[in-house]
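Notes for the one structure printed next.
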Amino acid sequence: MAEQGREPGARFGLAEVTGPSMVPTLVHGDQLLVDYRAVLRQGDVAVLRHPLQQDLLIVKRLAERRPEGWWVLGDNPHAHGDSREFGAVPPDLLLGRVRTRFRPRAADQRSVAAVASWLVSSLRPVLPDRSLSRRLRAR
């Protein structure tokens, strides 16, 4: 994930998704609007520093609050790189909540129908998932 345009003290910033860990919610290339002052709750999609490589930013869903920090999971059950590998994430590594995603138009979306479909679906809020218990048990 690449962070873009964050000014010190700014409430909002932009980030870009790289990789498949949040598919189908987010896909490679999506642009994200991140709220750096949001209160984070279970089920939110958040931008955070990787606990083992803090210069790397990642985007994950906050699955469960634990005494040692947040247990974070990707929405793609076949991808790795979440708390199953590095454990709970300390709260000071969480940067902000993802509010909206913008999906850029693919180069092959040139027909009127494809462009119309893209216009309808390109900008979407990223909603929290408050029913994570089933997924937690499955992991």
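The values are calculated or read from the model by the stated rules, or taken from the named source; none is laboratory data. Note that the coordinates shown come from a computational prediction; the quantities given were computed from them, not determined experimentally. All Cβ positions, glycine included, derive from the backbone under ideal geometry; neighbour counts span all protein chains shown.
For region 71-88, what are the residues that are of a type outside the set (A, V, I, L, M, F, W, C) and surrounded by 14 or more Cβ atoms within 10 Å (Cβ to Cβ)?
First, pick out the residues of region 71-88 that are of a type outside the set (A, V, I, L, M, F, W, C): 74-78, 80-85, 87.
Within region 71-88, Gly74, Asp75, Asn76, Gly81, Asp82, Ser83, Gly87 qualify.
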Quick test of your reading of the structure: Arg124 fulfils all but one of (1) under 17 Å from the mean Cα position of the chain (by Cα); (2) in a loop (DSSP other than H, G, I, E, B); (3) at pLDDT below 90; (4) surrounded by 12 or more Cβ atoms within 10 Å (Cβ to Cβ). Name the failing condition by number. (2)
Which numbered condition in (1) within 21 Å of Pro128 (Cα to Cα); (2) among the aliphatic types (A, V, I, L, M); (3) assigned to a strand (DSSP E or B) is the only one that Leu56 fails? (1)
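Give me the residue from region 71-113 that is outside any loop (DSSP other than H, G, I, E, B) and of a type in the set (Gly, Ala, Ser) and, out of that set, nearest to the chain's Cα centre (by Cα). Don't jump to the end; show me each part of the working.
Quick first cut of region 71-113, residues outside any loop (DSSP other than H, G, I, E, B) only: 71-73, 83-86, 89, 91-102, 112-113.
Remaining after also requiring of a type in the set (Gly, Ala, Ser): 83, 96, 113.
Numbers: Ser83: 14, Gly96: 10, Ala113: 29 Å.
If we take residues in region 71-113 being outside any loop (DSSP other than H, G, I, E, B) and of a type in the set (Gly, Ala, Ser), then Gly96 is nearest to the chain's Cα centre (by Cα).
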Of everything in region 40-70 that's in contact (Cβ under 8 Å) with a residue 40 or more places away in the chain and more than 14 Å from the chain's Cα centre (by Cα), which residue is surrounded by the fewest Cβ atoms within 10 Å (Cβ to Cβ)? Glu64
